[in-house]
There are 4 protein chains.
Amino acid sequence: MTRESNTGGDKYHRILNAAVRVFARQGFFQSTVSQVAREAGVADGTIYLYFKNKEDILVQFFSYRARQVFDDFKIAVDRAESAFGKLKCLIDRHLATFQEDRHMAVVYLSEIHQISRVAEPQIRAMSQRYADIVASIVECGQQEGSIRENLNLGLVKRMIIGAVDEVISTWLHAENEYDLTSLADPLADLLMHGIGSAAFGHARR
Amino acid sequence: MTRESNTGGDKYHRILNAAVRVFARQGFFQSTVSQVAREAGVADGTIYLYFKNKEDILVQFFSYRARQVFDDFKIAVDRAESAFGKLKCLIDRHLATFQEDRHMAVVYLSEIHQISRVAEPQIRAMSQRYADIVASIVECGQQEGSIRENLNLGLVKRMIIGAVDEVISTWLHAENEYDLTSLADPLADLLMHGIGSAAFGHARR
Amino acid sequence: MTRESNTGGDKYHRILNAAVRVFARQGFFQSTVSQVAREAGVADGTIYLYFKNKEDILVQFFSYRARQVFDDFKIAVDRAESAFGKLKCLIDRHLATFQEDRHMAVVYLSEIHQISRVAEPQIRAMSQRYADIVASIVECGQQEGSIRENLNLGLVKRMIIGAVDEVISTWLHAENEYDLTSLADPLADLLMHGIGSAAFGHARR
Amino acid sequence: MTRESNTGGDKYHRILNAAVRVFARQGFFQSTVSQVAREAGVADGTIYLYFKNKEDILVQFFSYRARQVFDDFKIAVDRAESAFGKLKCLIDRHLATFQEDRHMAVVYLSEIHQISRVAEPQIRAMSQRYADIVASIVECGQQEGSIRENLNLGLVKRMIIGAVDEVISTWLHAENEYDLTSLADPLADLLMHGIGSAAFGHARR
DNA sequence: TATGAATGAGAATTCATTCAT
DNA sequence: AATGAATGAATTCTCATTCAT
């Protein structure tokens, strides 16, 4: 009965995309189902043929749309050779994807906490996906000797995703436009080598 | 009825604290003014003697409560000597403060995007405050030679605050309790030296 | 899906029977056309090929189905010889019919008042039919001397149908099952001879 | 928190009475909360200060208003001496009460089946109250010899209440007004002595 | 005939805010 | 200052009905 099997997924995706636009503009709770319907060019009631309720639109968004985005990161990362290359690639894809779909970026960054109460599993799945990618990068780097041993993987993952999300968030709220992806390499460099000077060496070791 | 945490304050603070508790529990938009009033032990109408409207409670929270927290960071950082010490101190204070006031942490992390539409200036002020602290640390480090030159200060600030926020966020959603501050040093180390191995040196330079 | 009770009938009767089942379960106003359609195994739109609107299903039910039931009473009553026999027969048929079709019983007893606003004529027709039967029984009884003269026929009819309906209604809401028809004779006896003792005779006369 | 303790029970009873009028006119399901509010001269939202929801209005009606009516019957019956007198008294009060408050009568007769799904206990309580009254009449009659032994009390109660309700129901739907209470004595007589002629005697005995 | 996706009017309910006390 | 009853606009969601296929 779920409508992925819709004729071409037409209305379903029209509504989903419209919803993301509206939510990005006004926030989830300040958006009305009517607004989403109008933006999608359907009647109010039509929404409920495809979504259980207003919240379900957000859940579906995170379940399918955003999740798939994270899956794509994996593919991109696998193409790079070195750990550093992979890291740059991950961050670049992350930044590029969100830059390409600003609406999704806004909704992802603003509403994920709201939705986490109801769609905890989906959120965890995305988070885990990211953690897996980071783990694979770290492992690769440790094998080639470019990444140090004894890392707290979870912490590394949190640092990376936190840094990237914050970079995106700042970009979203910036007054003047600028190219987000141009920050991929500098950020990857920072994450790889830290802010410390090489001269001082690694304090701990 | 709840009077335990009535920190001797007047009605204004009683309401503000009650609101943070309620908002943390249910989210801003899913909380009602009545709930805040009940939690504060005042009548619904009383809220409006101290706050312009529901949203204003959140704005006041960010204007005074959260902002002051960021101000405190500055003081703590100034006490440390080395740049690395300052960084650890900043992160430690950040983590400790949010660990001590979980309600504030939830509201800060969840609702800041909602409020940003209406309280952009306050948000910017906090952000700028953090940027200043980071800048002072970097400057200090560069003078003592422990932090490299040519850093994109804004990017460094975003990396740090993003990493810390993500660490806090993960802690908030974790199933089992753990000590957040114990992550301060490991995280500071990561930010300082990156995940790369010293052996490889700084690729770029 | 439910096809068991599809009494070989065409769509019209399939829908009508399905509707009675659904209405009995949930009440007319709390039932949806979709539910009736699903129960009947047809598409929503198909309902409207056979019925003017939702209400019309109920009207048709009372027009044809329930009405026919009352017609059957007449036939049964005519077979009995004595007035008392006829009365017992009427009540027995009444109880037996409703016991056999519990769904109809529920709808008849619960929804007749709702429908009376729109299908007054049908209701009156059924009521008149019952009044006629009662009148024929009374007439028969008066001829054979078993029923007293000077009866308010309308009142007698109301007493009988009221008593029987109430007996059925109680049975419907009873917690444990019991045989409804076993109450036919006791009730007929009560209606025939009243609750007074013979010794006291008829007070009035 | 329940609002019986309202200042004079003002709004609460205004709404309850308005609701009964509206429900009587249109039926419960075809009445809107807005209509009740308008009839009561209050805002829509005010309804919800006194009633949990629309259905609760009906439940409260049956819980307090109608139930009390049944309680009154008891008092009236106790005043009469003979069993026959008590019976006439019961029926007279029953008819008079409903004649005096036509709205209540309509709602009671039309909506009791709807509400029984949700307020089974209240309905049972009223029914039991009536059964008790009937039982006391019968017992009294049996002691004085005016009512026969071996009666199925439950059946007698169902016959009486069914007959009375049907008489009221017919009166409600009648085209021309007539005095309902004038039927009390004839009906009591019928219930007491049945429709049979004294000459024929009691078949069973 | 039959379908069932789409519609959109309509209803219940909530809740921020006001204001008489 | 404080109260909390009252308001009514706004919102979500339902569902009878239609109509293109």
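Go through segment B:45-62 residue by residue and tally those that are under 14 Å from B:Arg14 (Cβ atoms) and within 11 Å of DNA strand E (Cβ to nearest atom). I'd like the intermediate steps shown before the answer.
At the first step, the residues of segment B:45-62 found to be under 14 Å from B:Arg14 (Cβ atoms) are B:46-47, B:49-51, B:57, B:60-61.
This time we only want the ones that are within 11 Å of DNA strand E (Cβ to nearest atom), so: B:46-47, B:49, B:51, B:57.
Number of matching residues: 5.
Scanning segment D:111-121 for any residue that is buried (at least 19 other Cβ atoms within 10 Å of the Cβ), within 12 Å of chain C (Cβ to nearest Cβ), on the phi < 0 side of the Ramachandran plot and within 16 Å of DNA strand F (Cβ to nearest atom) turns up at least one such residue. Among the residues of segment B:126-138, none qualifies, meaning not one is facing chain A (nearest Cβ under 8 Å), open to solvent by less than 10 Å² (accessible area, probe 1.4 Å) and either part of a loop (DSSP other than H, G, I, E, B) or under 19 Å from A:Leu155 (Cα atoms) (or both).
Enumerate the pairs (first residue in segment B:88-106 and farther than 18 Å from B:Ile137 by Cα and in contact (Cβ under 8 Å) with a residue 12 or more places away in the chain; second residue anywhere and open to solvent by 30 Å² or more (accessible area, probe 1.4 Å) and polar (S, T, N, Q)) with beta-carbon separation below 6 Å, excluding pairs fewer than 6 apart on the same chain, so at least 6 apart or on different chains. These pairs meet every condition: B:Ala96/B:Thr181. Between B:Ile47, B:Ile15, the distinction of being under 21 Å from the mean Cα position of the chain (by Cα) and open to solvent by less than 10 Å² (accessible area, probe 1.4 Å) belongs to B:Ile15 only.
Candidates are the residues of segment C:33-44 that are within 14 Å of chain A (Cβ to nearest Cβ) and near DNA strand F (Cβ under 8 Å from one of its atoms); the one that is most open to solvent (accessible area, probe 1.4 Å) is C:Asp44. Within segment D:170-205, the residues that satisfy the criterion of being more than 8 Å from chain C (Cβ to nearest Cβ) and modelled with pLDDT of 95 or more are D:Trp171, D:Tyr178, D:Asp179, D:Leu180, D:Thr181, D:Ser182, D:Ala184, D:Asp185, D:Ala188.
Residues of segment D:96-110 that are surrounded by 19 or more Cβ atoms within 10 Å (Cβ to Cβ) and within 12 Å of chain C (Cβ to nearest Cβ): D:Ala105, D:Val106, D:Val107, D:Tyr108, D:Ser110. Residues of segment B:44-78 being farther than 23 Å from B:Ser34 by Cβ and not aromatic (Phe, Trp, Tyr), which ones? B:Ser63, B:Ala66, B:Arg67, B:Gln68, B:Val69, B:Asp71, B:Asp72, B:Lys74, B:Ile75, B:Ala76, B:Val77, B:Asp78, listed by residue number. Residue by residue through segment B:61-87, note down the ones that are more than 22 Å from B:Ala24 (Cβ to Cβ) and open to solvent by 60 Å² or more (accessible area, probe 1.4 Å). Answer for segment B:61-87, where residues must be more than 22 Å from B:Ala24 (Cβ to Cβ) and open to solvent by 60 Å² or more (accessible area, probe 1.4 Å): B:Ile75, B:Asp78, B:Arg79, B:Glu81. Would you check if there is a residue in segment C:148-156 being closer than 15 Å to D:Gly194 by Cα, within 8 Å of chain D (Cβ to nearest Cβ), polar (S, T, N, Q) and open to solvent by 30 Å² or more (accessible area, probe 1.4 Å)? Yes, that holds for at least one residue. Look at segment A:34-51: where a residue is touching a residue at least 40 places away in the same chain (Cβ under 8 Å) and a partner is within 10 Å of DNA strand E (Cβ to nearest atom) and open to solvent by 50 Å² or more (accessible area, probe 1.4 Å), sitting 6+ places away or on another chain with Cβ atoms under 9 Å, you get A:Leu49/A:Arg3; A:Leu49/A:Lys11; A:Tyr50/A:Arg3; A:Tyr50/A:Lys11. Of all residues in segment B:146-182, which are in contact (Cβ under 8 Å) with a residue 24 or more places away in the chain, of a type in the set (Ser, Thr, Tyr) and assigned to a helix (DSSP H, G or I)? Across segment B:146-182, the qualifying residues are B:Ser169, B:Thr181. Here D:Gln114 meets each of (1) away from DNA strand E (no atom under 16 Å from the Cβ); (2) part of a helix (DSSP H, G or I); (3) not hydrophobic (A, V, I, L, M, F, W, C) with one exception, condition (1).
All conditions in (1) out of contact with any Phe, Trp or Tyr (no Cβ under 6 Å at 6 or more places or on another chain); (2) within 8 Å of DNA strand E (Cβ to nearest atom) hold for B:Ser31, with the sole exception of (1).
Which numbered condition in (1) within 14 Å of chain D (Cβ to nearest Cβ); (2) within 16 Å of DNA strand F (Cβ to nearest atom) is the only one that C:Gln142 fails? Failing condition for C:Gln142: (2). If you go through segment A:19-28 and keep only what is aliphatic (A, V, I, L, M) and within 16 Å of DNA strand E (Cβ to nearest atom), you end up with just A:Ala19. The set of residues in segment D:50-60 being away from every other protein chain (no Cβ under 14 Å) and buried (at least 21 other Cβ atoms within 10 Å of the Cβ) consists of D:Tyr50, D:Phe51, D:Ile57, D:Gln60. Against the test of being closer than 28 Å to D:Ala19 by Cα and within 16 Å of DNA strand F (Cβ to nearest atom), the options D:Ile57, D:Ile75 yield a single qualifying residue, D:Ile57. If you check C:Gly162 against the conditions, is it more than 25 Å from D:Gln128 (Cα to Cα) and touching a helix residue (DSSP H, G or I) at 6+ places or on another chain (Cβ under 8 Å)? No: the conditions fail for C:Gly162.
Suppose the filter is more than 13 Å from DNA strand F (Cβ to nearest atom), out of contact with any Asp or Glu (no Cβ under 9 Å at 6 or more places or on another chain) and either touching a residue at least 24 places away in the same chain (Cβ under 8 Å) or open to solvent by 60 Å² or more (accessible area, probe 1.4 Å) (or both); does D:Val20 pass it? Here the answer is no, as D:Val20 does not meet what is asked.
The values are calculated or read from the model by the stated rules, or taken from the named source; none is laboratory data. Since the structure is predicted, the reported quantities are computational estimates derived from the model, not experimental observations. Note: ideal-geometry Cβ built from the backbone for every residue, glycine included; neighbour counts use all protein chains shown. SASA here: full protein model, heavy atoms, side chains in, ligands and nucleic acids out. Shrake-Rupley method; radii C 1.70, N 1.55, O 1.52, S 1.80 Å.
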